[in-house]
Amino acid sequence: MSDSAVVSPVIGQGTIGGALISQAVLDDAVTSHFPPAGRLQLQYGAVPQALLLWMDDILNAAPGLDEAREASAKVDKLMKERALNLNEGKTTYIVVGSKQQKDAATTELEKNPLQCGDFIMKEKQVEKWLGQQISAR
């Protein structure tokens with residue numbers, strides 16, 4: 001535990017105000033590029049899954065590679081519009097689905113990798129997000 005401290009009327013990294021402003025900036029940017037229940041998001045039954053945001057993290061479940069590519073391009077654009085930078089090491093993807101779907105996606109990704117801006121995204125098999133394990137298995 002750290003000691004408490006008085007924070008002056010500034011918005012600094014690590015402060016409650018900083019977290020709120022970060023979330024508000026991302027929420028506004030994401031809302032402008034990803035309409036609710038848009039075709040770039042996965043559906044759970046009949047319920048569309050919006051992008052998940054937490055502080056400065058974004059999670060998007062795309063139904064296919066074409067949608068993932070378009071979503072990645074939109075994320076790159078909104079980050080540039082807001083003068084934000086992506087962490088290349090944390091900008092990753094997980095392929096889920098049946099064995100046939102995953103094999104087809106892997107083959108396609110070997111030929112045409114998934115990019116976000118100027119870098120090629122890396123595939124992960126497991127990712128811890130907000131304390132939960134998201135797994136390709």
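Brief remarks on what is shown
- Scope segment 81-95; condition open to solvent by 50 Å² or more (accessible area, probe 1.4 Å) and not acidic (D, E); matching residues: R82, A83, L84, N85, L86, N87, G89, K90
- Residues in segment 1-21 that are of a type in the set (A, V, I, L, M, F, W, C) and modelled with pLDDT of 75 or more: 5 in all.
- Check on G45, closer than 27 Å to T15 by Cβ and either hydroxyl-bearing (S, T, Y) or exposed (fewer than 12 other Cβ atoms within 10 Å of the Cβ) (or both): no
- Residue list for segment 96-135, filter: open to solvent by 60 Å² or more (accessible area, probe 1.4 Å) and charged (D, E, K, R): K99, D103, E108, E110, K111, D118, K122, E123, K124, K128
- K77 being open to solvent by 70 Å² or more (accessible area, probe 1.4 Å), at pLDDT 85 or above and more than 23 Å from E127 (Cβ to Cβ): yes
- Residue within segment 60-67 that is in contact with a strand residue (DSSP E or B) (Cβ under 8 Å, 6 or more places away or on another chain) and either over 27 Å from N112 (Cα atoms) or β-branched (V, I, T) (or both) present: no
The values are calculated or read from the model by the stated rules, or taken from the named source; none is laboratory data. Every value quoted in this text rests on a predicted model; they were computed, and no experiment measured them. We place every Cβ from the backbone using ideal geometry, glycine too, and count neighbours over all the protein chains shown. SASA here: full protein model, heavy atoms, side chains in, ligands and nucleic acids out. Shrake-Rupley method; radii C 1.70, N 1.55, O 1.52, S 1.80 Å.
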